[in-house]
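Working notes, beginning with the structure itself.
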Amino acid sequence: AAVGETGAFGFTPIAPVPHMVDEFTVPEGFDWTPILRWGDPLFADSPAFDLLNQTAEAQARQFGYNVDYTDIIRTSATTAILFVNHEYTNENIMFPAEQLAGDPERVRGVGLKAHGLSVVELTRADETSPWTPIVGAPLNRRFLDDTPYAFTGPAAGSELLRTATSADGLTARGTFGNCAGGTTPWGTILSGEENFNGYFRTPGTSETDLRYGLADEETVRGWEALDPRFDARSTEHANEPNHFGWIVEVDPMDPNSTPRKHTAMGRFKHEGANVILAADGHAVAYMGDDERFDYLYKFVSRDRAIDGDRAHNLTLLENGDLYVAQFSGDSPAAEIDGSGALPADGGFGGTGRWIPLTQNGESVIDGMSTAEVLVYTRLAADRVGATKMDRPEDVEPNPLTGRVYVACTNNTDRGPDGKAPADEVNPRTENRDGHVIEITEDGGSQTATTFTWTLLLVAGDPAQNGTSYFSGFPADQVSPISCPDNLAFDSQGNLWISTDGQPSTIGYNDGLFRVTLDGPERGKVEQFLSVPRDAETCGPVIHDDERHVFVSVQHPGEEGTFEAPNSLFPDAMKPAPLGGGVHAPRPSVIQVFPLAAAEPS
Ligand code: FEO
Ligand code: CA
Ligand code: CA
Ligand code: CA
């Protein structure tokens, strides 16, 4: 195989792209095209995108803004279902300054409807053609601020979930801050409600408000002026923020299904959740709480999956037990000096345990009810000695090996003056570049309560950071990588990592990287693509059997303004050159495909 070729999917890694460059870069021999862009029509009655005359009504019928978790579930050779999270909005580059200042009602209304989720049917002429959306297809759906969700599990209906919008505490409206996610073995989508706190104004004084970052401040988007439930200072809406911070499960196959929020999986700033079935049939979900010094969690279902019984498997995440991770290093503490330099045994590693917060579905935390443990999970985990991590983002089990990978994106507060000093599993003071942990459950059982761990990567540009570490693979033969965020696997068991934050750390645009996990090249990092200026790389979806790679390009041009855009991605590049008029960057789902596929053979 040529340099950069492993398994079935060969490519020559691209060179890193300097951070001011507004380009989407793929390897030689590949091309790319947008599948869906912000504002694209989804339904027969969707208005065409009209940048200068946006309305809430139009946005509700169009593809939403910032695209994060993405999956493409193939249902036949020429049909598929696309699922996307719309995490948040960048009003500064969505609207002209005069509308931002003079038309707040329009700005807030559009922003509200640009959040949520999308399900869209795709089609293609044949396996070598790029996918295109089917406008008006039966499964197409937008999940909006007024979409009803059902709570499941032990906290459903509890006092803590009762509000003016839900007298019985059994339902919620909408989902916000949806970051990463996962597709379950039974074909549903899990979506993590992450930075929900930014949507609410609260008293900001209680222990729980403080622990969840809820404050008595005008919110950035000012939705409390649109809908009083976003102002939780009043008694009637006091519990409204408790309706967010959950794992949401969506059935993309049933357009009439009610999406669910699973209380048994706990409430925190959920990055996402990825499920694997243990050998004994229990569904096990791995989950990160993306905050500096927050925790890594695992959920084990009470019931076992039944092969072929989808209706039963749809209930698996409704009941089960929640655990939080505690890591121990195997090197003397003196060898962990915060520099990130390897200890004398040549690697960062050790053992760990999963500490239960609930058992048999009930609280095991003294003084906290089951509902309190599930709604205020961070406070429960604080009590049991969980390990404070460097912002755990995507956590994903490798479907081929069962080993679990944790992307710790960064934590510049780590250190003696911060909330916690460096330790073996978070070995850098002022951790700018992040790291990736590999966990092996004891006995190879996903339901084990003990594990061993090692650091697969201590990220960075080796030319800038001498402690960058790639499992012993030569540092001069890897692509520089910083701020790992989303994870995916290809069919060969290689890990793919997308990044969020490289421009401000190593000075390169964010991108997508393949990491070899097994064999003599373990730790080799190869950059596959680079996203435009100011953008974060999300998704990713790897269909290596077809040599297709998909990413969602989130917040291109985020640091610019409407009048002085940093990016006009993708319209200035694909599918056709831009005409005259006013344009803005558009978060988009992108397909990368081999060049030959674009040409008739
Ligand atoms: Fe929305 Fe943790 O990134
Ligand atoms: Ca993320
Ligand atoms: Ca993932
Ligand atoms: Ca991130």
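None of the figures in this text is laboratory data; all of them are computed from the coordinates on show. For clarity, every value in this text was computed on a predicted model and none was experimentally measured. Don't worry about glycine lacking a Cβ; one is built from the backbone with ideal geometry, like all the others, and counts go over all protein chains shown.
Shape class of the stretch 20-151 from the alpha-carbon gyration tensor: oblate, with a/c at 1.5 or above and b/c at least as large as a/b. Calculated on the alpha-carbon coordinates, the convex hull of the stretch 172-324 measures out at 120 cubic angstrom per residue.
Distant-in-sequence amide contacts of ASN566, defined by a placed amide H-H separation under 5 Å and a gap of 5 or more residues or a different chain, comprise GLY560, THR561. The charge dipole of the stretch 1-151, taken about its Cα centre with unit charges on the Cβ of Lys, Arg, Asp and Glu (plus for the first two, minus for the last two), comes to roughly 360 debye. Taken over the stretch 526-601, the ratio of Cα radius of gyration to 2.2 N^0.38 Å equals 1.24.
For the stretch 67-115, the dipole from Cβ point charges (+1 on Lys and Arg, -1 on Asp and Glu) about the Cα centre works out to 200 debye, to the nearest 20. Length available on full extension from ALA564 to THR440: 0.36 nm per residue minus the Cα-Cα distance, which gives 39.8 nm. For the stretch 225-239 and the stretch 53-91, what is the centre-to-centre distance using only Cα atoms, to the nearest Å? Using only Cα atoms to place each centre, the spacing works out to 28 Å. For SER588, SER468, the sequence from fewest to most other C-beta atoms within 10 Å is SER468, SER588.
So if I take the alpha carbon set of the stretch 429-545, get Rg, then get Rh from the Kirkwood formula, what is the Rg over Rh ratio? Rg/Rh: 0.98.
Identify, among SER158, LEU139, GLY181, the residue whose Cα sits farthest towards the positive end of the charge dipole of the stretch 130-275, taking +1 on the Cβ of Lys and Arg and -1 on the Cβ of Asp and Glu, with the dipole about the Cα centre. Of the listed residues, the answer is LEU139. Over 24 Å apart at the Cα level, from the set LYS269/LYS419; LYS113/LYS298; LYS113/LYS269; LYS298/LYS388; LYS269/LYS298, are LYS113/LYS298. Computed from phi, the 3J(HN,Hα) profile of the stretch 383-388 under the Karplus parametrisation 6.51, -1.76, 1.60 (θ = phi - 60°) reads 7, 10, x, 5, 7, 6 Hz, with x in place of Gly and Pro. Between GLN464 and ARG310, the FRET efficiency from the beta-carbon distance, with R0 = 60 Å, is close to 0.75.
If r is the Cβ-Cβ distance from VAL135 to LEU379 and R0 is 41 Å, what FRET efficiency results, to the nearest 0.05? Write down the numbers at each step before the final one.
On the way: r = 46 Å, r/R0 = 1.13.
Efficiency, from the Cβ-Cβ distance: 0.30.
Evaluated at q = 0.15, 0.17 Å⁻¹, the base-10 log of the normalised Debye intensity for the stretch 354-469, with identical point scatterers placed on the Cα atoms, takes the values -0.81, -0.98. For the stretch 286-392, the normalised intensity computed at q = 0.15 Å⁻¹ comes to -0.75 (log10 of I(q)/I(0), Debye sum over alpha carbons, equal scatterers, no solvent).
With the cut-off at under 17 Å, measuring from each backbone N in the stretch 44-64 to a point 7 Å along the Cα-to-Cβ line of LEU578 picks out 49-53. Applied to the stretch 423-428, the Karplus parametrisation 6.51 cos²θ - 1.76 cosθ + 1.60 on θ = phi - 60° returns per-residue 3J(HN,Hα) values of 9, 5, 8, 9, x, 10 Hz, with x for Gly and Pro.
Among VAL21, VAL549, VAL284, sorting on how many other beta-carbon atoms sit within 10 Å of each Cβ, with the fewest leading, yields VAL21, VAL284, VAL549. Only alpha carbons enter this Debye calculation for the stretch 231-285, each as an equal point scatterer, and the log10 of I(q)/I(0) it gives at q = 0.19, 0.26 Å⁻¹ is -0.85, -1.08. Rounded, prolate or oblate, given the Cα gyration tensor of the stretch 402-475, with a/c below 1.5 counting as rounded? Oblate is the answer for the stretch 402-475, as a/c is 1.5 or above yet b/c matches or exceeds a/b.
Think of the chain as having a plus end and a minus end, set by charges on the Cβ of Lys, Arg, Asp and Glu; of GLN59, ASN426, PRO570, GLN59 sits farthest toward the positive end of this dipole.
Based on alpha carbons, the Rg and Dmax found for the chain are 22.8, 69 Å.
What you get for the chain, charging only the Cβ of Lys and Arg (+1) and of Asp and Glu (-1), is a dipole of about 640 debye around the Cα centre. Ranked for footprinting exposure by Cβ neighbours inside 10 Å, fewest first, LEU144, LEU161, LEU52 give LEU52, LEU144, LEU161. Backbone N atoms of the stretch 223-241 closer than 12 Å to the 7 Å Cα→Cβ label point of SER206 belong to residues 232-241. With an a/c value of 1.5 or above and a/b larger than b/c for the gyration tensor axes a ≥ b ≥ c computed over the alpha-carbon atoms, the stretch 385-428 is described as prolate. Taking other residues whose beta carbon is less than 10 angstrom from the beta carbon of GLU559, and scoring Lys, Arg as +1 and Asp, Glu as -1, yields -1.
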